[in-house]
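Since the structure comes first, as structure tokens, the remarks are kept for the end.
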Amino acid sequence: MLRPDPDESLRYLGVPEPPEDLRRRAGAAGEALAGLVQPRYTYRICGLERREEGFLLAGTGVLLTGSTAARMLADCRQAALLACTLGARFDLKLLALQARDMAEAALWDACGSALAEAGCEAAEAELAARFPELFLTDRFSPGYGDLPLTLQPDICAALDAGRRLGVHVSESLLMNPVKTVTAVIGLSDRPQAARIRGCAYCQMRETCQLRKGGIRCGTEN
Amino acid sequence: MEQRIETRSQGENGKGCLKEILAQKSFLLLDGGMGTVLQQKGLTPGGVPELLNLTNPELIRSVHRDYIDAGSRVIYTNTFGANSLKLARAGADTASVVSAAVAIAREAAGDTGTLTALDVGPLGELLEPMGSLPFERACELFREMIAAGTAAGADLIAIETMTDLQEARAALLAAKECSSLPVFVTMSFDETGRTFTGCTAASMARTLEGLGADAVGLNCSLGPDKLAPLLREVSENTRLPVIAKPNAGLPDPVDGRYDMGPEDFVQAMLACVEAGASIAGGCCGTTPDYIRRLKAALAGRRAAPRRYAGGSFLCTPVCPLTIDGVRVVGERVNPTGKKRFQQALLENDLDYILDVAVEQEEAGAHILDVNVGFPGVDEADMLPRVVKKLQSAVSVPLQLDSSNPDALEAGLRVYCGKASVNSVNGEPEVLERVLPIVKKYGAAVVGLTLDKQGIPQTAEGRVAIARRILDAALAHGIPGEDVWIDCLTLTVSAQQDQAQETLKAVRAVREELGLQTLLGVSNISFGLPNRPLITRSFLTQALGAGLTLPIINPNQREMLDAVSAFRVLSGEDSQCRDYIERFAGVTVRTEVVSSGAPAPSAAGEGGKSLESAILKGLKADAGRLAREALASGEADELSLVETHLIPALDRVGDGYEKGTVFLPQLLSAAQAAQAVFEVIRSSIAAKGGAPVKKGTLIVATVQGDIHDIGKNIVKTVLENYGYEVLDLGRDVPPEAVAEAAEHRKVRLVGLSALMTTTLPAMEETVRQLKALPEPPVVFVGGAVVTPDYAGRIGADYYARDARQSVEIAKEVLG
């Protein structure tokens, strides 16, 4: 069973060094959450076709434009499209909790983000185990760097994410259920050094809630 | 809306033919996958396969023909996503795509006798409360497809791959309202044995049978090897034929191939057939070859005997409730005699009503009675809104309590699951008006044993009315398991002999008619001292007489204790498990009442003050201390707010600013403060005074944005500073915000947005607010909003967090 890391969950809430009681509460919420829902994911490996505008994932309508994709996939002949979600049951639970206990709801919300992230890690580990001869780039997602959010519908369609995971994209490009992540992972024959995880690369850098509170969401390189 | 389309005689033939097939107890073979077969023929995943009906009809026809040749007696049209939400993005319209698809399937069927099923898949957007698509809009979208398919000559409707029971309900209601064709409904389940939204197989089967489906079952998501236990659960919960249309296992992420070959698939399907499925086919990954082999394997077999368990049942998607013993109905969602509840209804304060419901669910109620009838309240408008509100946070089933048939219908329409209706009585006009609604929505119904002549004074008289109600229900097609009788509790201090008549009637209804019995127990003790004692004693006797559904106040612990003890003595609580769990570790004390005990004080008892309770976020303690302070006269409502509440909240807020207090702690403190506010509101309402409010503001999450926890956090904190917060919700159009601000003359509006894609909606909302004759002050916030951006779009303030929103409110509203 995957569990959200309490410290990571609290970082999402803007708590850098949590007092012990809060850590305990986050731990308990995370444990209850993991007992209720587990991340589900699906991925698909596609060949990469270089086009003038970017990389086309063979057999899908997904075209990865922009400098983030160009840098990340420079060495790759294939890439995995990934979608991971906690599912609608999390959304329903969060709605119910908001009516009962907003403090608990805020904790669950943060733990949910951490658990979805843990799901992506698990998918990535599965991918790495499946292709021991290949090297994986870091995971990168629409809205991150300059990879456009407008890719969300194409990625979900290519993964049949509606049928497989119950994931939908709204007209304003919101993912539904709320704790849903889509990502691209490049597969290369050579070790991959590039690191996307850092504020310098992120489109959200000007507005990020965590940065507003002086916190980083991932490893800064 | 109710226009039924009956253009083609094949519709009725379809039904007749299908009935005949289903009555023969033989199997009905469906087709296999369409989308995956098309992909094998070169369609790009992610393309819109429904457009092929227009651009490459021959390809679709050939798939249908292959299935017919393989032995399918029903083929599904290529219309899975042919609703106008999905097709609009592809630039096509539903009517022409659906008509073309049905025509293609009928051509393929030719004179083979194969039936054409109009395939109806999910809309691709989530319905409220998970998403923002309103229920009636969903019905409308489904109606459009189904009307077109019916007019084009489909033989039946196949609603499939649903994961949200509410969406399945919308599609089924649409089918029943605009077509007379038979309807199959299947939903998609995952390894946890539930759909993605948590719906159980029992809830699905009972709800959909109640709404008039002709067959129900499972499709997609898993291979048949995983479906047999679920199919057993379905077949135990419906009298209808059961459908199994699973995937060929799971797809490989590299080559997309499904991992179950035709032989494995067919072998696993035989277990599904054993579990009760009699309508069989395949979904993603299956091909005509799978169907051909399935046909061969089923030849000469007979359908397995059915295992419908019957019995009374209510549910929500996540909470199936079989009524095979005593089940407690909570009575508190009801304005009768409750000033605070009445005030909430008149002020549209649905949050308060939800709190009342949540408290009862947590206390252990199995069903909640919901009554919102009060002078000045439009019940037909209020009941569905309350149902939706409660279902967003409460998981137990609801009993809709009203004498207004329009309100009942409006409430049942939006209720997700199987509800009960309280009530009808022995009056023929009432029965004729309400029972068709109960039947249409598949509800259970409570019958009161009274009629024009009033309440019979003898048990025999009441049982005679019960019998009349049962007969009328049966005549409307409502089974006996869904007819519950209320033999009526009369006040013992006024009509002492009637208590025994009621008990006799309960016994007779249970023993002679075999129906569930319901009683509003608390009525018994009106006008007597120590009411709980009388109520509890009557409850115990009534349970002994056969009462199965006591309507009580579950917050009174001694009532549920009595139920718990009864369940031990009746043998229902096997090995006393529930009882032991309830009382393990509880020391029972006999209370000695002493006079002259010192009154507790808000300033502190044993070091616990109201302030410290708030600071520590101890909700129950804070509420209790506030009640005690008011009762002792130590503080009045206003001084509690000014000298205890606000200073404590300010200290928490300061700590939050300094980074010594964090969001969960800030919110816990806010909730403890809310408990104090609730005590103050109730106290004022009880005296008939006007509520204290510091000022009103609006909060809303802008159009296109459906993630609103941040806005809800702001609301929680503001409310606990005494502000009245009108929460317009999420995905709110600019016009709606402007209209509410103008109409309610609100001076402050807060807007949130989470996504860069919804910022334009925020800008437009600010523009419309500022164009009002009396423009309100506007503050904005949310993940992607910056102070700069706030200034650029003309907002007056940027709020970094909930705490800052309070500062803004103080500045603007005082």
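Taken over the range A:59-80, the residue count meeting the criterion of being over 27 Å from residue A:3 (Cα atoms) and at the interface with chain B (Cβ under 10 Å from one of its Cβ atoms) is 5.
Among the residues of the range A:7-28, those identified as within 12 Å of chain B (Cβ to nearest Cβ) and either in contact with a His (Cβ under 9 Å, 6 or more places away or on another chain) or assigned to a helix (DSSP H, G or I) (or both) are A:9, A:10, A:11, A:12, A:21, A:22, A:23, A:24, A:25, A:26, A:28.
Restricting A:31, A:52 to residues that are away from chain B (no Cβ under 12 Å) and in a loop (DSSP other than H, G, I, E, B) narrows the list to A:52. Condition first: away from chain A (no Cβ under 14 Å), aromatic (Phe, Trp, Tyr), out of contact with any Asp or Glu (no Cβ under 9 Å at 6 or more places or on another chain) and within 21 Å of residue B:128 (Cβ to Cβ). Can you find one or more residues in the range B:398-419 that meet it? Within the range B:398-419, one or more residues are away from chain A (no Cβ under 14 Å), aromatic (Phe, Trp, Tyr), out of contact with any Asp or Glu (no Cβ under 9 Å at 6 or more places or on another chain) and within 21 Å of residue B:128 (Cβ to Cβ).
Which fully enclosed helices (runs of 4 or more DSSP H) of the range B:698-814 have 2 or more residues being polar (S, T, N, Q) and under 28 Å from the mean Cα position of the chain (by Cα)? In the range B:698-814, B:709-719 are the helices (runs of 4 or more DSSP H) which contain 2 or more residues that are polar (S, T, N, Q) and under 28 Å from the mean Cα position of the chain (by Cα). When we screen B:534, B:551 for residues that are in contact (Cβ under 8 Å) with a residue 60 or more places away in the chain and under 20 Å from residue B:567 (Cα atoms), the only hit is B:551.
So which residues in the range A:153-188 are out of contact with any helix residue (DSSP H, G or I) (no Cβ under 6 Å at 6 or more places or on another chain), among the polar types (S, T, N, Q) and under 21 Å from residue A:110 (Cα atoms)? Those that are out of contact with any helix residue (DSSP H, G or I) (no Cβ under 6 Å at 6 or more places or on another chain), among the polar types (S, T, N, Q) and under 21 Å from residue A:110 (Cα atoms): A:176, A:180. Among the residues of the range B:453-486, the one identified as closer than 14 Å to residue B:427 by Cα and acidic (Asp, Glu) is B:471.
For the range A:11-24, the condition holds for no residue, the condition being that it is within 24 Å of residue A:166 (Cα to Cα) and touching a residue at least 60 places away in the same chain (Cβ under 8 Å). For the range B:208-221, the candidate set comprises residues that are within 11 Å of chain A (Cβ to nearest Cβ) and out of contact with any helix residue (DSSP H, G or I) (no Cβ under 7 Å at 6 or more places or on another chain); within that set, the residue that is surrounded by the most Cβ atoms within 10 Å (Cβ to Cβ) is B:219.
Matching residues to (1) surrounded by fewer than 22 Cβ atoms within 10 Å (Cβ to Cβ); (2) under 26 Å from residue B:476 (Cα atoms); (3) at pLDDT below 95:
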{"position": "B:145", "(1), (2), (3)": "no, no, no"}
{"position": "B:190", "(1), (2), (3)": "yes, no, yes"}
{"position": "B:199", "(1), (2), (3)": "no, no, no"}
{"position": "B:206", "(1), (2), (3)": "no, yes, no"}
{"position": "B:234", "(1), (2), (3)": "no, yes, no"}
{"position": "B:248", "(1), (2), (3)": "no, no, no"}
{"position": "B:251", "(1), (2), (3)": "yes, no, yes"}
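Take the conditions among the polar types (S, T, N, Q) and at the interface with chain B (Cβ under 7 Å from one of its Cβ atoms) and apply them to residue A:170. Does it pass?
yes
If only residues of the range A:93-110 that are aliphatic (A, V, I, L, M) and under 23 Å from the mean Cα position of the chain (by Cα) are counted, the one that is farthest from the other protein chains (Cβ to nearest Cβ) is A:110.
Is it true that residue B:69 is within 19 Å of residue B:282 (Cα to Cα), in a helix (DSSP H, G or I) and charged (D, E, K, R)? Here the answer is yes, as residue B:69 does meet what is asked. In the range B:244-254, the count of residues that are over 21 Å from residue B:196 (Cβ atoms) and out of contact with any His (no Cβ under 6 Å at 6 or more places or on another chain) is one or more.
So that you can scan it fast, the table gives a plain yes or no per residue for (1) small (Gly, Ala, Ser); (2) over 13 Å from residue A:43 (Cα atoms); (3) facing chain B (nearest Cβ under 8 Å):
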{"residue": "A:123", "(1), (2), (3)": "yes, no, no"}
{"residue": "A:127", "(1), (2), (3)": "no, no, no"}
{"residue": "A:133", "(1), (2), (3)": "no, yes, no"}
{"residue": "A:136", "(1), (2), (3)": "no, yes, no"}
{"residue": "A:141", "(1), (2), (3)": "yes, yes, no"}
{"residue": "A:148", "(1), (2), (3)": "no, yes, no"}
{"residue": "A:156", "(1), (2), (3)": "no, no, no"}
{"residue": "A:179", "(1), (2), (3)": "no, yes, no"}
{"residue": "A:184", "(1), (2), (3)": "no, no, no"}
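Tallying residues that are touching a residue at least 12 places away in the same chain (Cβ under 8 Å) and surrounded by fewer than 24 Cβ atoms within 10 Å (Cβ to Cβ) within the range A:95-107 yields 1. Under the condition of being in contact with a Leu (Cβ under 9 Å, 6 or more places away or on another chain) and either aliphatic (A, V, I, L, M) or over 12 Å from residue B:477 (Cα atoms) (or both), the residues counted in the range B:431-440 number 3. For the range B:619-630, a tally of residues being modelled with pLDDT under 90 and surrounded by fewer than 20 Cβ atoms within 10 Å (Cβ to Cβ) returns 1.
Yes/no per residue for (1) of a type in the set (Phe, Trp, Tyr); (2) assigned to a helix (DSSP H, G or I); (3) touching a helix residue (DSSP H, G or I) at 6+ places or on another chain (Cβ under 8 Å):
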| site | (1), (2), (3) |
| --- | --- |
| B:504 | no, yes, yes |
| B:512 | no, yes, yes |
| B:517 | no, no, yes |
| B:524 | no, yes, yes |
| B:536 | no, yes, yes |
| B:541 | no, yes, yes |
| B:555 | no, no, yes |
| B:575 | no, yes, no |
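Here's a check for you: in the range B:706-734, which residue that is closer than 26 Å to residue A:175 by Cα and touching a Lys or Arg at 6+ places or on another chain (Cβ under 6 Å) is farthest from the other protein chains (Cβ to nearest Cβ)?
B:727
The values are calculated or read from the model by the stated rules, or taken from the named source; none is laboratory data. Everything numeric in this text was worked out from a predicted model, so none of it was measured. No Cβ is skipped: glycine too gets one built from the backbone with ideal geometry, and neighbour counts run over all protein chains shown.
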